[in-house]
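Derivation of every value follows stated rules applied to the coordinates shown; laboratory data play no part. Predicted, not measured: the structure shown is a model, and the values here were computed from it. Positions of Cβ are generated from backbone atoms using ideal geometry, with glycine treated the same way; all protein chains shown enter the neighbour counts.
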């Protein structure tokens, strides 16, 4: 059976699992269309014929029908929202992938449905769990000794799901989705969880608190951010996985770098990250730690230390990453961005510009949207220093639009910094246009 045939069979199996006839599914699809205020939908008979063609493998559901099917299967047969691993919704997305739909389009459908269900008043984290996982989690929260593999897997999946939406949804919304998972991990770790499950649960708690710390920072709650990073640091210290400790220190260092003046605290956190990463199992985490160490050195004007740290980062980046426990934590595209920042501080603006261009081109994933906005903003800063302020302003217009999609704090900080360097041209019409754009979109 080829993938397309398997995808068609999966669509048919989903319908039959719900005990839905072709006509009943067609009516459910039209009901979803009415709820979403989609007009000019065909008749029940026409939709029914389309379903038959999908299930025979003759055609892939188009964008509109993919979204409608997703809304139908986002709720269990009992009417509960269920989007997590093992749900009908997850099975639908897998079927679309087998049919040949692109990963980007599938991710767009998933994001659209998550946005919709979390708008419905309190769906929150439970939307990312299957009904069975919801029940198991409720039982474990009432009595942590009842925590089992299913609960651990559900919490880990929830944190991963929220993390996957960074760059696709506003940070404030992601923070609301994640907070219940952070609290659930906290409550379970405070109880008599079975000893064999503690490392896995603690690893999830570290990931959740670290991400929550970053999201709190992005939503301008520095007090909560510091508390969450302290919690993540404490829990990571109880694990025999130094790369997790390094990850917490690096995330904390980055938000500290942008939330207060001075390099002393960020440098201390980065140095702690490097020490942990050197004894850890993740080469990519070690590469990222050295890259961040290079940026801090560059900001301090230490060119030799900057070059040494970048060399170590490239050495790790070019090593064998097979089996790395944190495979998506860092890439050559990210490292090019760090090189560009270092060049801005202790090198050549033209060279920095080219490195930013390479980095932005490589950061093409949905989750890279925030980082790409940061890189493009820094690239505009390089253009200003190259004597091309008007071209820089044009690029900054694109960065404003990208930054507004998530409400990211770091892109906004970088934008303000770039705008400050345009002061010599503040009387120019094209600078006034940029100011208007900044005010309209970011209120800054």
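When the inverse distances between all different Cα atoms of the range 241-330 are averaged and flipped, the Kirkwood radius reads 12.8 angstrom. Legend: translational diffusion of the range 1-122 by Stokes-Einstein, Rh = Kirkwood radius over C-alpha pairs, 10 °C, 1.306 mPa s; D = 110 µm²/s. Across the range 241-330, Cα pairs under 8 Å and at least six residues apart give a relative contact order of 29 percent.
Springs join every pair of Cα atoms under 10 Å in this Gaussian network model of the chain, and among 373, 28, 276 the largest mean-square fluctuation is at 28. With 10 Å bins beginning at zero, the pair-distance distribution over Cα atoms of the range 267-316 amounts to 32, 55, 12, 0 %. In the chain, the longest principal axis of the Cα atoms and the axis of helix 369-385 are about 30 degrees apart.
Under the simplified labelling scheme, the residue 441-residue 319 pair shows an inter-label distance of 4.0 nm, with each label point 7 Å from Cα along Cα→Cβ.
Using a Gaussian network model of the chain in which every pair of alpha carbons under 10 angstrom is joined by a spring, one finds that among 280, 333, 323 the greatest mean-square fluctuation is at 323.
At a threshold of 8 angstrom on Cα-Cα distance, excluding pairs fewer than six apart, so keeping six or more, what relative contact order does the range 129-191 reach in percent? Walk me through the numbers before you get to the answer.
Working: 35 pairs, mean separation 23.5, N = 63.
Normalised by residue count, the contact order of the range 129-191 is 37 percent.
Subtracting the Cα-Cα distance of residue 260 and residue 13 from their residue separation scaled by 0.36 nm leaves 83.4 nm.
Would you mind estimating how fast the range 163-275 diffuses translationally, via Stokes-Einstein at 25 °C and 0.890 mPa s with the Kirkwood radius over Cα pairs, in µm²/s?
Working: Rh = 14.4 Å.
After rounding, the answer is 170 µm²/s.
Here the extension length gained between residue 94 and residue 148 equals 16.8 nm, from 0.36 nm per residue of separation less the Cα-Cα distance. Annotation: the residues 109, 159, sorted from fewest to most other C-beta atoms within 10 Å of their own C-beta, follow the order 109, 159. Going from the fewest other Cβ atoms within 10 Å to the most, the residues 401, 394 appear in the order 401, 394.
In degrees, nearest 10, range 0 to 90: what is the angle between the Cα axis of helix 409-420 and the longest Cα principal axis of the chain? It works out to around 40 degrees. Averaged over residues, the count of other Cβ atoms within 10 Å places the peptides 291-299, 176-184 in the sequence 291-299, 176-184, highest first. A full extension of the chain between residue 366 and residue 332 corresponds to an added length of 10.6 nm, given 0.36 nm per residue minus the alpha carbon distance.
Based on the Cβ-Cβ distance of residue 64 and residue 433, what FRET efficiency does E = 1/(1 + (r/R0)^6) give at R0 = 41 Å, to the nearest 0.05?
On the way: r = 37 Å, r/R0 = 0.89.
According to the calculation, E is roughly 0.65.
Out of these labelled values of semi-axes √(5λ) of the Cα gyration tensor in Å, (i) 33, 25, 23; (ii) 39, 25, 23; (iii) 41, 29, 20, which was calculated from the coordinates shown here? Label (iii) holds the value from this structure. The mean sequence separation of alpha-carbon pairs under 8 Å and at least six residues apart, normalised by the residue count of the chain, gives a relative contact order of 9 percent. How far, in degrees from 0 to 90, does helix 303-317 lean away from the longest principal axis of the Cα atoms of the chain, to the nearest 10? Taking Cα atoms only, the helix is inclined about 30 degrees.
For a footprinting-style exposure proxy, rank 51, 114 by other Cβ within 10 Å, fewest first. Walk me through the numbers on the way to the answer.
Working: 51 22, 114 25.
Fewest-to-most Cβ neighbours within 10 Å comes out as 51, 114.
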